[in-house]
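K.L.:
Take a look at the following structure, please.
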Amino acid sequence: MSNAADLQLLVSPDREGNALLGRLRVPGDKSISHRSIMLGAIAEGETHISGFLEGADALATLSAFRRMGVEIEGPDRGEVRVRGVGLRGLKAPDGPLDVGNSGTSMRLLAGLLAGQAFTCTLIGDDSLTRRPMRRVTEPLRLMGARIATAEQGTAPLTIDPVPSLHGIDYAMPVASAQVKSSLLLAGLYAQGETCVSEPAPTRDHTERMLTGFGYSVRRNANRVCLTGGGRLIGARLQVPADISSAAFLLVGASIAAGSDLTLEGVGINPTRVGVINILRAMGADIELLDRRTAGGEPVADIRVRSAPLKGITIPVDQVPLAIDEFPALFVAAACASGETILTGAEELRVKESDRIQVMADGLAVLGIEVEPRPDGIRVSGAGVGAMLGARRRASEVDTHGDHRIAMSFAIAALRTLGPVAIRDCANVNTSFPGFAALARSAGLAIDEHRL
Ligand code: S3P
């Protein structure tokens, strides 16, 4: 993994105005890219992926499968060919699999590896090594898996082979697509039926993609089930542009006067559109154009124009549908008129960073009144048209190595009086390689500095 401390983003307000304009495509969806490699690897026959995200997280998943003996060609401009080895064809890697910053790789692989005939250890960077893993190791153990963790239940995870796994009927205590997916992947190797119930809808890319690979998945209300021992057949997959990456530009164009931006081919899966619903409730001008389906997922071109935003109380049912977009949404709240209140979002404290505290600290640097709470935040918006931060010297904010915090403050600088210096930004590359160049092409005055 790259050293996250060595890259700073400097965003300077532009005297000509800071509108975001034009038509562009953000990189491929991270969640779908991970799953495309995982399912392609354990399918029979070849899987051809286009639009694959060439960011560090999805590439960590890709190299993990190469190290388990899967032949993978690419990525080459988003094209990847995976020669599937079938459910039982993975081989023991020659050492621990390092998945860097990627929680999705670690949690989903834990489930998939629980059913293999070899021992495997998963390791990650400092941030990932602090994140909770019991949410997957505990239910996987109920299925018969043998998994050792560090004392706090965290990585490294060492997964030993067992004679067989058995299906369980598991009610998840947290609404987590990673936990659901981990158990479903283990369920492919388990005897009998594995069912997972979710307390609130979470992203359903695993279920959709399994179906696309010819595997039967049954959903009944909030419960999803599959039976182990079937086969996956290689498929052609088109990865939509990532709505989580689009989110920064949706917020940016909303808060920067005179903006008119169209984002092409963005995934608008109903389990991911919380950011659109919340921004619209705040008064954003967002249109979904040319709705279509790609690779079993709904997509659209999204046109966003600047609009006066107002603070809202965010409906709790939108929280899992926008779980990765809150750092950007807090910036929208900071530029809105009135108060925005978020509750029911304690999960934000265990993401790549504590996103409630780290955003609160950065927004405070920009002069915004914030009240972080155990399960959310209250943000007092500066008001429509009001500018944030100090005029002369650069405001310095720290990302704690969190990619989404870095990009959120970059777009906040569309509405600051002076420059914003954002520290510890190398991890932007985990989800949005080329962010600075793409944002610059739309009109953001952003520069990268290696320190
Ligand atoms: C993801 C699920 C979410 C999300 C993460 C990606 C996935 O995590 O925050 O960025 O690909 O399944 P949780 O399952 O922990 O909510």
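K.L.:
If I filter region 150-170 down to residues being more than 23 Å from the chain's Cα centre (by Cα) and small (Gly, Ala, Ser), which single residue comes out as nearest to the ligand (Cβ to nearest atom)?
P.N.:
150
K.L.:
How many residues are within 13 Å of the ligand (Cβ to nearest atom) and among the small types (Gly, Ala, Ser) when one looks only at region 132-149?
P.N.:
0
K.L.:
Hey, among 360, 394, 345, 406, which residue is in contact with a strand residue (DSSP E or B) (Cβ under 6 Å, 6 or more places away or on another chain) and within 14 Å of the ligand (Cβ to nearest atom)?
P.N.:
345
K.L.:
Looking at the structure I just gave you, is residue 249 within 23 Å of residue 287 (Cβ to Cβ), more than 12 Å from the ligand (Cβ to nearest atom), of a type in the set (A, V, I, L, M, F, W, C) and open to solvent by less than 20 Å² (accessible area, probe 1.4 Å)?
P.N.:
Judged against the criteria, residue 249 is a match.
K.L.:
Residues that are hydroxyl-bearing (Ser, Thr, Tyr) and touching a residue at least 24 places away in the same chain (Cβ under 8 Å), at least 2 per element: which strands (runs of 3 or more DSSP E) completely within region 1-113 meet that?
P.N.:
Passing ranges, in order: 44-50.
K.L.:
Let me ask another. Taking residue 104 as the residue in question, decide whether it is open to solvent by 10 Å² or more (accessible area, probe 1.4 Å), of a type in the set (Val, Ile, Thr) and over 26 Å from residue 242 (Cβ atoms).
P.N.:
Values: open to solvent by 10 Å² or more (accessible area, probe 1.4 Å): yes; of a type in the set (Val, Ile, Thr): yes; over 26 Å from residue 242 (Cβ atoms): no.
It is false that residue 104 is open to solvent by 10 Å² or more (accessible area, probe 1.4 Å), of a type in the set (Val, Ile, Thr) and over 26 Å from residue 242 (Cβ atoms).
K.L.:
Which residues, taken from region 162-180, are surrounded by fewer than 17 Cβ atoms within 10 Å (Cβ to Cβ) and in contact with a helix residue (DSSP H, G or I) (Cβ under 7 Å, 6 or more places away or on another chain)?
P.N.:
Across region 162-180, the qualifying residue is only 174.
K.L.:
For residues in region 30-72 being of a type in the set (Ser, Thr, Tyr) and within 16 Å of the ligand (Cβ to nearest atom), which is surrounded by the most Cβ atoms within 10 Å (Cβ to Cβ)?
P.N.:
36
K.L.:
Separate question: Here are the criteria: (1) in contact with a Lys or Arg (Cβ under 9 Å, 6 or more places away or on another chain); (2) more than 21 Å from residue 58 (Cα to Cα); (3) among the basic types (Lys, Arg). Tell me which single one residue 107 does not satisfy.
P.N.:
Failing condition for residue 107: (2).
K.L.:
Give region 186-206 a look and list any residue that's open to solvent by 10 Å² or more (accessible area, probe 1.4 Å) and away from the ligand (no atom under 12 Å from the Cβ), or say none.
P.N.:
Passing the criteria: 189, 191, 192, 193, 197.
K.L.:
On to the next question. Being under 21 Å from residue 442 (Cβ atoms) and surrounded by fewer than 18 Cβ atoms within 10 Å (Cβ to Cβ) is the filter here, so list the residues in region 287-304 that pass it.
P.N.:
Passing the criteria: 287, 288, 289, 290, 303.
K.L.:
Restricting to region 428-450, name every residue that is over 14 Å from residue 12 (Cα atoms), of a type in the set (Val, Ile, Thr) and either open to solvent by less than 10 Å² (accessible area, probe 1.4 Å) or in contact with an Asp or Glu (Cβ under 6 Å, 6 or more places away or on another chain) (or both).
P.N.:
Here is the first cut: in region 428-450, the residues over 14 Å from residue 12 (Cα atoms) are 428-435, 437-438, 441-442, 450.
Filter again for of a type in the set (Val, Ile, Thr), leaving 428, 430.
Answer for region 428-450, where residues must be over 14 Å from residue 12 (Cα atoms), of a type in the set (Val, Ile, Thr) and either open to solvent by less than 10 Å² (accessible area, probe 1.4 Å) or in contact with an Asp or Glu (Cβ under 6 Å, 6 or more places away or on another chain) (or both): just 430.
K.L.:
Exactly one condition in (1) open to solvent by less than 10 Å² (accessible area, probe 1.4 Å); (2) touching a residue at least 60 places away in the same chain (Cβ under 8 Å) is not met by residue 362; state its number.
P.N.:
Answer for residue 362: the failing condition is (2).
K.L.:
Follow-up. Just to check your reading of the model, which residue among 183, 210, 226 is crowded, with 21+ Cβ neighbours inside 10 Å and more than 14 Å from the ligand (Cβ to nearest atom)? Steps first, please.
P.N.:
Values: 183 fails: more than 14 Å from the ligand (Cβ to nearest atom); 210 fails: more than 14 Å from the ligand (Cβ to nearest atom).
The match here is 226.
K.L.:
Pull out all pairs, ordered by first then second residue, where Cβ-Cβ is under 7 Å, the residues are six or more apart or on different chains, the first lies in region 336-357 and is over 24 Å from residue 256 (Cβ atoms) and open to solvent by less than 20 Å² (accessible area, probe 1.4 Å), and the second is aromatic (Phe, Trp, Tyr) and within 12 Å of the ligand (Cβ to nearest atom).
P.N.:
That search, which allows pairs on different chains as well, returns 345/326; 348/326.
K.L.:
What do you reckon, is residue 221 more than 22 Å from residue 339 (Cα to Cα), surrounded by fewer than 24 Cβ atoms within 10 Å (Cβ to Cβ) and touching a strand residue (DSSP E or B) at 6+ places or on another chain (Cβ under 9 Å)? First the steps, then the outcome.
P.N.:
Working: more than 22 Å from residue 339 (Cα to Cα): yes; surrounded by fewer than 24 Cβ atoms within 10 Å (Cβ to Cβ): yes; touching a strand residue (DSSP E or B) at 6+ places or on another chain (Cβ under 9 Å): yes.
When the stated conditions are applied, residue 221 passes them.
K.L.:
Could you look through region 84-116, keep only residues that are farther than 18 Å from residue 230 by Cβ and of a type in the set (Gly, Ala, Ser), and pick out the one that is nearest to the ligand (Cβ to nearest atom)?
P.N.:
103
K.L.:
Further, regarding this structure: If I filter region 393-400 for residues that are of a type in the set (Lys, Arg) and free of Cβ contacts under 8 Å to residues at least 40 places away in the same chain, do I get at least one hit? Walk me through how you get there before you give the answer.
P.N.:
Within region 393-400, the subset of a type in the set (Lys, Arg) is 393.
Narrowing further to those that are free of Cβ contacts under 8 Å to residues at least 40 places away in the same chain: 393.
For region 393-400, residues of a type in the set (Lys, Arg) and free of Cβ contacts under 8 Å to residues at least 40 places away in the same chain: present.
The values are calculated or read from the model by the stated rules, or taken from the named source; none is laboratory data. Here the structure is a predicted model, which means the values were calculated and not measured. Virtual Cβ from ideal backbone geometry, glycine too; neighbours counted across all protein chains shown. In case anyone asks, the SASA skips ligands and DNA or RNA and just uses the protein heavy atoms, side chains included. Shrake-Rupley method; radii C 1.70, N 1.55, O 1.52, S 1.80 Å.
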